[in-house]
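To start, the structure under review is shown below, and the notes come after it.
The values are calculated or read from the model by the stated rules, or taken from the named source; none is laboratory data. The model shown is predicted, which means the values in this text are computed figures rather than measured ones. Reconstructed Cβ throughout: ideal geometry from the backbone, glycine too, with neighbour counts over all protein chains shown.
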Amino acid sequence: MKITFKTLNLQEFKNHQDLEVKFGDLTKITGDNGKGKSTITESISWLLYGTDALGSKLDPTPITYEGEETKVSLLLSVDEKDLLLSRGLKKGKAQYYINEVPSKASEFNEVVDQLFDKDLFLSLFNPNYFPSMHWEKQREMLLRYVTAPPNKEILKHLPEAQGKHLGTLLKKHSLTDLEKIHKENKSKQDKKYIAAQSKTKTLKEQLDHIPKETAPLDSLKSELSHIDKQVRELEAQYDKAFDSNREFTKVQSQIHAIQDQIDMSKERWPSLKNEVIEDTCRTCKRPLDEESVEAVKTDKESRITDYKANHTELIKKRDALKEKLAEIEYIDASETLEKIRSIDSKGTPLREAIQSYSQFERLKEQVNEAEIDETSILDSLNDSIFVLDSIKEYKAKEAELQAEKVQALFTTLSVRLFKQNKGDGEYKPDFEIEMDGKPYSKLSLSEGIRAGLELRDVLCSQSEVVTPVFVDNAESITSFKEPVGQLIICRVVAGEKLTIETEEAK
């Protein structure tokens, strides 16, 4: 895109009541201080963005006279197509015009935004604008048009092992994500490795404190098996005696319970046998008739019959249980129990020895598992350290290659894109313009102008956008490389009024 200024009209803009500027390929603006040379360029940035040429707020109202309406109009050509833009300020109210048609601010801003990016335009138009931006913006703008070196190019410059491993990982994750993953893993595995080492050490110490049994394990198990066999045989005898004695005790208890019932039954018999048959009602004391008396007698006889039957049945049950008890042998198993205890106690040291063997083997297995776990954690930790070191090397090489690509764009300037941290050696984004080893902030006025023009031409070349360029204080510089696009030069000439001259390219 090529942008050319044709005509600029200022009405009551700062110290210009009515001024028309026709631009050529070269426009020379001269005059004494305070004659409004810089104001001409400020009017253009105010028209487009409402700011001065450095992007700061600007009050366009008249300075030395009373005005009613401030207005700036610029006829420009965009790729040979004319566009007339105007911005006004009347009684504090902004006015906008596109090709003389009154427009809303949003419509006006949309047209301007479609033409060019604000920071890019101001950097191309005013060589002092780019250095005034924050270094991150400067860096972003310069790199916007410079392609970063591809992964393959960077990887081939790394040591083979790093390049191959990192290349495989980059197929799945971005470099930023890889760094996050392995930084987190390194931190996690650092802690886990310390814990794993401590666990292995503790288990080994426990293993060392277990007494080592000299007798073979098979011999111990065989001897214990013989003892256990004897104990089981005796326990079987004891269990048999216990079951028999339990049955004896059970039947004996049943006999005692029935005998208690028989004794109670005997106690009831005299009162039932000697019960008097009364001929009067127990409740109302009235005499009973013969039929009622007979019913009472019959009831008594029935109860006597039931009693005898129940008593006889209890005696039969008791006698049957006595016969059963006579058939059960009560066995004294105390001697058997003592033998069990005596023989089983001989197995105690054998069991302890076998348990010691088992504990030793179990701890050996735990130590082995802990060592495997420790090795696995260390492998993961070392892998993350290797990946992070590879990423550091990658970034360093990327910084070097990218710096080479950017540096190739300049002839007299050097540009720093990265800064290496002193602590961890990592490369972090940075931006510094230097000329002959001096940072831009330390350059003289003339050096600053030359540096700004070179930066401006690089941006023109990379963005493929050509705008007019304004060089203020041109009297401070004897010569400079002619920039691409229209050139507007402002020079201070003592005692001279404002003069504007144009020249066309030959």
In region 96-109, which residue that is of a type outside the set (Gly, Ala, Ser) and assigned to a strand (DSSP E or B) is farthest from Leu58 (Cα to Cα)? Val101
With respect to Val293, is the statement that it is in contact with an Asp or Glu (Cβ under 8 Å, 6 or more places away or on another chain) and either basic (Lys, Arg) or within 27 Å of Ile354 (Cβ to Cβ) (or both) true? no
Would you point out which residue out of Leu314, Leu350 is under 30 Å from Leu220 (Cα atoms), aliphatic (A, V, I, L, M), surrounded by 13 or more Cβ atoms within 10 Å (Cβ to Cβ) and in the same structural domain as Ala236 (by TED's automatic domain parsing)? Leu350
One residue from Ala333, Ala399 being of a type outside the set (Phe, Trp, Tyr), buried (at least 17 other Cβ atoms within 10 Å of the Cβ) and under 30 Å from Gln259 (Cα atoms): Ala333
Across region 421-453, which residue is surrounded by the most Cβ atoms within 10 Å (Cβ to Cβ) among those that are of a type in the set (Phe, Trp, Tyr) and closer than 30 Å to Thr176 by Cα? Phe431
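Out of the residues in region 293-307 meeting the condition of being of a type outside the set (Phe, Trp, Tyr) and surrounded by 13 or more Cβ atoms within 10 Å (Cβ to Cβ), tell me which one is farthest from Phe248 (Cα to Cα). Working first, answer last.
So the first thing to find is which residues in region 293-307 are of a type outside the set (Phe, Trp, Tyr), and the list is 293-306.
From what is left, the residues that are surrounded by 13 or more Cβ atoms within 10 Å (Cβ to Cβ) are 293, 296, 300, 304.
Details: Val293: 51, Val296: 46, Lys300: 41, Ile304: 35 Å.
If we take residues in region 293-307 being of a type outside the set (Phe, Trp, Tyr) and surrounded by 13 or more Cβ atoms within 10 Å (Cβ to Cβ), then Val293 is farthest from Phe248 (Cα to Cα).
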Being among the charged types (D, E, K, R) and in contact with a strand residue (DSSP E or B) (Cβ under 6 Å, 6 or more places away or on another chain), is that true of even one residue in region 53-74? yes
With the condition kept exactly as written, say whether any residue in region 386-393 is free of Cβ contacts under 8 Å to residues at least 12 places away in the same chain and under 28 Å from Gln197 (Cβ atoms). no
Inside region 111-126, can you point out the residues that are in a helix (DSSP H, G or I) and surrounded by 13 or more Cβ atoms within 10 Å (Cβ to Cβ)? Val111, Val112, Leu115, Lys118, Asp119, Leu120, Phe121, Leu122, Ser123, Leu124, Phe125
When region 73-95 is examined, which residues are found to be at positive phi and either part of a strand (DSSP E or B) or acidic (Asp, Glu) (or both)? Asp79, Glu80
Do we find a residue being under 30 Å from Ser390 (Cβ atoms) and charged (D, E, K, R) anywhere in region 429-446? yes
How many residues of region 1-25 are over 58 Å from the mean Cα position of the chain (by Cα), part of a strand (DSSP E or B) and closer than 13 Å to Ile500 by Cα? The answer is 4
If you take the residues of region 362-378 that are among the acidic types (Asp, Glu) and touching a residue at least 12 places away in the same chain (Cβ under 8 Å), which of them is surrounded by the most Cβ atoms within 10 Å (Cβ to Cβ)? Glu374
Looking at region 251-271, which of its residues are surrounded by 14 or more Cβ atoms within 10 Å (Cβ to Cβ) and within 15 Å of Lys324 (Cα to Cα)? Val251, Gln252, Gln254, Ile255, Ile258
Please find, within region 26-72, the residue that is surrounded by the most Cβ atoms within 10 Å (Cβ to Cβ) out of those that are of a type in the set (Ser, Thr, Tyr) and in a helix (DSSP H, G or I). Ser43
Would you mind stating whether Leu337 is touching a residue at least 40 places away in the same chain (Cβ under 8 Å), in the same structural domain as Asp228 (by TED's automatic domain parsing), in a helix (DSSP H, G or I) and farther than 27 Å from Lys240 by Cα? no
Please tell me if Asp239 is under 30 Å from Gln355 (Cα atoms) and either crowded, with 16+ Cβ neighbours inside 10 Å or modelled with pLDDT under 90 (or both). no
Residue that is under 30 Å from Arg450 (Cβ atoms), out of contact with any Pro (no Cβ under 7 Å at 6 or more places or on another chain) and exposed (fewer than 12 other Cβ atoms within 10 Å of the Cβ), where the choices are Glu136, Glu184, Glu205, Glu160: Glu136
